Amino acid sequence: MTDAAPAAPRPLIDSNDSRRPTGLLLVAIPVFLVGWLVIWPIINAIVRTLWRPDESGAIGFNLDSYVFFFSDQYSINNLTITLWTTLMCAILLLVICLPISLYLRFSAGRLPAYVQAMAIFPMFVPSIILAYAFIRVLGPNGMVDILLNSVGLPKIRTPYLTPWGPVIGLVWDNIPLTVLILLSGLGNVANQAIEAARDVGANRLQVFWHIILPRISNSVLVAISFAVLGIFSSFTLPYLLGPASPEMMGPFMNRTFREVNDPLNAITQAVITFCFCIAFGLFYVRSVARNQGK
Amino acid sequence: MKQLAPALVMASGRRKSIPVRIPTDWTGIIFAVVLSAAVILPLLVVGVWAFTEVWRYPNVIPQQFGLRFWNQTLTRADVWSALTLSLQLSTVVTLLSAAICLPAAYAFARLSFPGRNVLFFSFLAGHAFPKFGLLIAIAAIFLQLNLIGTFWGVVLIQLVGTLLFMIWIPVAAFQSVDRRMEEAARDVGAGPFRVFWSITLPQAGPTIAAAVLLSFVGTFYETEGAWLIGAPGIRTMPVLMISFINNQMVIQYGAVLSVMLWVPSFIALMFARRVIGGGAFARGFGG
Amino acid sequence: MSVLKITDVSKIFAGPTVAVDNFSLEVGDGELVCLLGPSGSGKSTLLRMVGGFERPTSGLMTIDGDDITQLPPERRPTGMVFQSHALWTHMNVFKNLAFGLKLRGLPKEQITEKVEAVLELVGLAGYGTRGVNQLSGGQQQRVALARSLVLEPKILLLDEPFASLDQHLRERLREEVRDIQQRLKITTLFVTHGQDEALAMADRIVVMRDGRTEQIDRPDVVYREPQTPFVAGFIGTMNLIEGEVSKGRFARADFRIDIPIPDGPATLAIRPEALDLEAAEAGVAQVHRVTDYGTHGLVDLDLGDGTRLKAMVAHPDLFSEGQKVNLKPQAMAAYRDNARVYRS
C-alpha cells in the first residue's frame, strides 16, 4: 500500500478491537510463570539472605552468610576454580571459534559446508551424552590412550576429574552457538568494505584488525556473555567430569542444597553467582532486545 | 572437490584451454580434519561401545561385537520407568507449553495492549541469570511449597525453561504471515476464526512445529532442573544416565542408552533447524 | 448488476490524521472508476473502507441500496485484488480459488466447474495444480484476480494491482483486466497512482488529494479540462506559472499575456505541446536546454527569475542553448482559489 501514511502496520479491520485487554489475558499465564518462577525467586533469594534473624532472633539486615562465604577457604577455592574455568573457556572459545567463523564467512563450497556442519553438530548432542563420550575417549584407558598405545606412545595424563575436564567439555558444548553468533555478526561485514580496504593496500591482518573486528566486536561480546552465563553456573559437565574438590559453583550449590541440606548458604552462593554474572546478563539482554527491535 | 570438477570438465572439453589450478583449501582441510576428530570420534566411540560385548585395553578394535547389552539394558526396570517418566514429562510440558505459549505468541504478534514490549522482553529474564543459580533460588521456594521431588515440581521447572523458545519463535512466525493474505481470506468470506485456522496457522505452521519439537527434545534431555528438583523421587532418563556414569556400572549401558535416545532426537532436531534456519537460531541468542 | 454509493464518508486515524474527508461517489452499474492520487491522498484507505478492512469514522456506503457500512469484509459482496496479490502460498492455484466457494458450501462439481471457467477467463486454464510460488508475477496477479472473480462479487476492488510488475507486463495486464471487466460488466473501483493506468482503463477518474475529491470526470475531460491547478499538474505534463493579473493582463517576470479576469493572483497552466516558441532578440524567456527525442523535441526554458517551463517543438534544431524566445500559448487555463476561472 503506497497510500495512507499513518501507522503502516495497522491492525486488521478495526484498531479499536485491539485496545481491549484480550491481549493481556492471552499472555497472562506465561507472564505469571516468569514472574513467579524467575523474578520472584531472585528477589526472594536476595531478600532472604540479607534480611533474616541474627543470633538474638531479631530480624534485620544481616550479612553473616556472605561473610561466611568469603571467609571460608573452601568456598573461596570453589569460586576461584569457577572463575578460572570460565576464563579459560572464554579464551579457548574465542581462539577456536573466531578462525572457524572467519573461514566460513569468506569461503563457499562443499568443504566449508562440511566444516560448518561439524562446528554446529555438538548443538544436537545433549551434555549428558557428551559427558559419557568424554570419559570413553579421554578417560583412563580411553580411546586416546588406546590409539597412543597402538603406535607405541605413552598414555596421556587424563583430564578426567581434573579442572581441565570441565573446560574441555564446556568448550565442546559451547562451540556451535559461539560460531553461529560470530557468523551472524560477520554477516554484517559487507564484502565491499573488505574489498575497498584491500584496494587501498591493507593486508589480511590489517583488514581483520581495522575493518572486521570493529564491526563484530558486539557479536564477540554477545558470544562471550552467552558462554559466560552458561559456563559460570554449569552443573552437569563439572559434576561428572570435574574434580570433587575444589568444585565449580554449580556442583557446590547442588551439594550445599541437597547433601548438606543448607538452603540458606546455597541461596547465598546463588546470589553470589548472580552478582558475578550481572554485567554479562545485562549486556546479553540489551543486545537481544536491540536485535529484536531491528 | 566441487571446485575441481568444473575445471576438469573444461579442460577435457576444450583441449587448448589453459588448465585452471584452484589452490588447495588447506585451512578448510585442517579445520575439517580437526573438527571431525573432535566431534565425530567421541560419538563414534560411544556408538561402537553400544554394540560391543568385550573390549579390553589395549585393543584398538573390540574383541567381540554383539547385541547382548541392548537386551540387558532394555530389560532393566529402572530404564523403562525412567524412559516412561521422561516421555510423560516431555509430553505434558510440551502440551502445556503449547497451550499457554501459542495464544500468548499470537497476542504478542498481532494485538496491542498495555505493557506489550516490557512483557515480551520479560521472557529474557530467565536467560540473563546463570541457570543453576536460578534453579537453586527456585528450589528454595519449591522447598517451602513441598514441590521438591514431585512430578509437578519438575513439570513447572521445565515449563519455565521452554517459555522463551515457545513464545519468541512463534511470534516471529505469526509476524511473518502477510496481513494481506488474512485480509484476502476475510474478503472471500472467511470469519476471523476461520482465517486463523485456514490461513494464519498453516502459514506459520512449520515454524511453530519446529518450536514444539525443540521444546519436546529440550525437555527430554533437560538434566539440571530434573536433578535438583526431581531427585530422589523423579528419575528421568538423563538423571538415570548420571547415576550410570557415577556408579561406573557396566560401560555399555550408558552407550546403549546414548545411541538409543540420541538418534531419534538428532533427526528431529535436524528437521527443526532446517525449518528455523541457522540465522534465526543465532538471532534468537542475540548474535 | 450493481451500483456502489459512497456518501459523506470520512476516516480519521488516531493521531489524528484525516485520511478521507467527507468523500462522496457513485459508481454506476458496470462502470470502472479509477481513484487517482499521490501517496497519502486517501485513495487506498477509501478502497479498504469499501472492502470492509477499515471502518469509516462517519458516512454511509451502500451497494444496490443495501447499507454495508458496518458489515465485516466476509459479509460484503465485494472482491478485492491486493497490490502484493496476497495469494495463500500453502495452497495451490485451484485451492486458492476454491476456498471462498467452499466456505459458501457449494458442491464439489460446481466448485470445479466455476474455478475452471474463471481460470479460462484469465488465461490460466490448466494451471490449477500449480503451486502459487511456481508462477510468474503476472500469473500470480491473474490468479489473484481470478480468486476475486470466481465469487462473482457485485463490486470488484483493485488496489494498485500492477504496482509490483514491470512496465511491459503492466501494460499488457491492464488491457486484459479492462477486457475482462467489460466482458463481465462488473462494477469496479480501481486505485492507482499512475496516470497512464487511469487514463487507459477508467470510465471515469476521481482525482484525490488529502482525502478529498479534486475532480471527477471522463479521462479525456480530466486531461483536457483540469478543474484545479493540482489536477492540471498531476495529469500529464503541465507548465504552471504563478503570477499577478492586473487590468486583464497576466504577468510573471517579463512574460505578459492577456487574460480577461479580474485583478489578483492567478496560476496559468499551459501544456508543453500548446506552447509555441518564437525566436526573438528581446524574448522573455531563455532556452536552458534542448532535448531531441527524434519524433519531437523538448525545450527547457527559464523566465529569468528561476521559473522553469517546458515546450514541445517539432524542430528542436531551430533552438539552441542561451537563445532568447517569446512564448505563444495556443491554449491555456487560469486558476484562482483552486478553481478554474478562464480557459482558451
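The values are calculated or read from the model by the stated rules, or taken from the named source; none is laboratory data. Just so we're clear, the structure is a prediction, and the values are computed from it rather than from any experiment. Reconstructed Cβ throughout: ideal geometry from the backbone, glycine too, with neighbour counts over all protein chains shown.
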Inset, instruction - Check off (1) more than 8 Å from chain B (Cβ to nearest Cβ); (2) in a helix (DSSP H, G or I) for residue A:246 and give me the number that stays unchecked. - result: (2)
Inset, instruction - Inspect all residues belonging to segment A:198-220 and state whether any of them is hydrophobic (A, V, I, L, M, F, W, C), within 19 Å of residue A:170 (Cβ to Cβ), part of a helix (DSSP H, G or I) and in the same structural domain as residue A:285 (by TED's automatic domain parsing). - result: yes
Inset, instruction - Return yes or no: is residue A:134 more than 11 Å from chain B (Cβ to nearest Cβ) and at negative phi? - result: no
Legend entry - Unmet requirement for residue A:78, which otherwise passes all of (1) part of a helix (DSSP H, G or I); (2) more than 17 Å from residue A:270 (Cα to Cα): (2)
Legend entry - Lone unmet requirement of (1) touching a residue at least 12 places away in the same chain (Cβ under 8 Å); (2) part of a helix (DSSP H, G or I) for residue C:120: (1)
Inset, instruction - Would you check if residue A:107 is of a type in the set (S, T, N, Q) and in contact (Cβ under 8 Å) with a residue 40 or more places away in the chain? - result: no
Legend entry - segment C:194-209, subset out of contact with any helix residue (DSSP H, G or I) (no Cβ under 6 Å at 6 or more places or on another chain) and assigned to a strand (DSSP E or B), residue nearest to residue C:235 (Cα to Cα): C:206
Inset, instruction - Could you please give the count of residues in segment A:249-272 that are β-branched (Val, Ile, Thr), surrounded by fewer than 18 Cβ atoms within 10 Å (Cβ to Cβ) and either facing another protein chain (nearest Cβ under 8 Å) or in a helix (DSSP H, G or I) (or both)? - result: 0
Inset, instruction - Answer yes or no: is there a residue in segment B:241-250 that is more than 9 Å from every other protein chain (Cβ to nearest Cβ), within 30 Å of residue B:82 (Cα to Cα) and within 23 Å of the chain's Cα centre (by Cα). - result: yes
Inset, instruction - Kindly check whether there is at least one residue in segment B:50-58 that is modelled with pLDDT of 85 or more and in a helix (DSSP H, G or I). - result: yes
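Identify all residues within segment C:193-219 that are within 11 Å of residue C:38 (Cα to Cα) and within 8 Å of the chain's Cα centre (by Cα); write none if there are none.
Result: C:193, C:194, C:195, C:207.
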Legend entry - Complete set of residues in segment A:184-196 that are more than 9 Å from every other protein chain (Cβ to nearest Cβ), part of a helix (DSSP H, G or I) and crowded, with 17+ Cβ neighbours inside 10 Å: A:186, A:194
Inset, instruction - Could you tell me which numbered condition residue C:78 fails, if it satisfies all but one of (1) within 24 Å of residue B:202 (Cα to Cα); (2) within 10 Å of another protein chain (Cβ to nearest Cβ)? - result: (1)
Inset, instruction - Sort out for me the helices (runs of 4 or more DSSP H) sitting completely within segment B:75-184 that have 1 or more residues that are farther than 21 Å from residue A:290 by Cα. - result: B:77-110, B:131-145, B:151-175
Legend entry - Sole residue being part of a helix (DSSP H, G or I), in contact with an Asp or Glu (Cβ under 8 Å, 6 or more places away or on another chain) and β-branched (Val, Ile, Thr), chosen from C:143, C:245, C:191, C:231: C:231
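Quick grid of which residues meet (1) in contact with a Ser or Thr (Cβ under 8 Å, 6 or more places away or on another chain); (2) within 20 Å of residue B:198 (Cβ to Cβ):
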{"residue": "C:40", "(1), (2)": "no, no"}
{"residue": "C:58", "(1), (2)": "yes, no"}
{"residue": "C:64", "(1), (2)": "yes, no"}
{"residue": "C:72", "(1), (2)": "no, yes"}
{"residue": "C:79", "(1), (2)": "yes, yes"}
{"residue": "C:91", "(1), (2)": "no, yes"}
Legend entry - Residue identified as at the interface with chain A (Cβ under 7 Å from one of its Cβ atoms) and crowded, with 22+ Cβ neighbours inside 10 Å among B:111, B:143, B:159: B:159
Inset, instruction - Could you run through segment C:204-252 and say how many residues are aromatic (Phe, Trp, Tyr) and more than 24 Å from residue C:24 (Cα to Cα)? - result: 1
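Residues to consider are A:146, A:181, A:168; find the one that is more than 30 Å from the chain's Cα centre (by Cα), part of a helix (DSSP H, G or I) and at pLDDT 85 or above.
Sole residue among the options that is more than 30 Å from the chain's Cα centre (by Cα), part of a helix (DSSP H, G or I) and at pLDDT 85 or above: A:146.
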Inset, instruction - Inspect all residues belonging to segment C:245-257 and state whether any of them is touching a strand residue (DSSP E or B) at 6+ places or on another chain (Cβ under 8 Å) and farther than 28 Å from residue C:228 by Cβ. - result: no
Inset, instruction - Mind listing whichever residues of segment C:253-287 are within 18 Å of residue C:305 (Cα to Cα), surrounded by fewer than 15 Cβ atoms within 10 Å (Cβ to Cβ) and modelled with pLDDT of 85 or more? - result: C:265
Legend entry - Residues located in segment A:67-101, provided they are within 13 Å of chain B (Cβ to nearest Cβ), more than 18 Å from residue A:252 (Cβ to Cβ) and buried (at least 19 other Cβ atoms within 10 Å of the Cβ): A:96, A:97, A:98, A:100, A:101
Inset, instruction - State all residues of segment B:60-74 that are part of a helix (DSSP H, G or I) and among the hydrophobic types (A, V, I, L, M, F, W, C); if no residue qualifies, say none. - result: B:69, B:70, B:74
Inset, instruction - For segment B:162-189, enumerate the residues that are crowded, with 22+ Cβ neighbours inside 10 Å, under 15 Å from residue C:86 (Cα atoms) and in contact with a Ser or Thr (Cβ under 9 Å, 6 or more places away or on another chain). - result: B:182, B:184, B:185, B:187, B:188
Legend entry - Selection within segment A:273-294 - more than 8 Å from chain B (Cβ to nearest Cβ), in contact (Cβ under 8 Å) with a residue 40 or more places away in the chain and either among the charged types (D, E, K, R) or over 17 Å from residue A:221 (Cβ atoms) (or both): none
Legend entry - Residues satisfying the stated conditions in segment C:288-306, i.e. more than 19 Å from residue C:330 (Cβ to Cβ), assigned to a strand (DSSP E or B), of a type outside the set (Lys, Arg) and touching a residue at least 24 places away in the same chain (Cβ under 8 Å): C:288, C:290, C:291, C:292
Inset, instruction - Taking the residues in segment C:146-188 that are of a type in the set (Val, Ile, Thr) and assigned to a helix (DSSP H, G or I) as candidates, determine which candidate is surrounded by the most Cβ atoms within 10 Å (Cβ to Cβ). - result: C:177
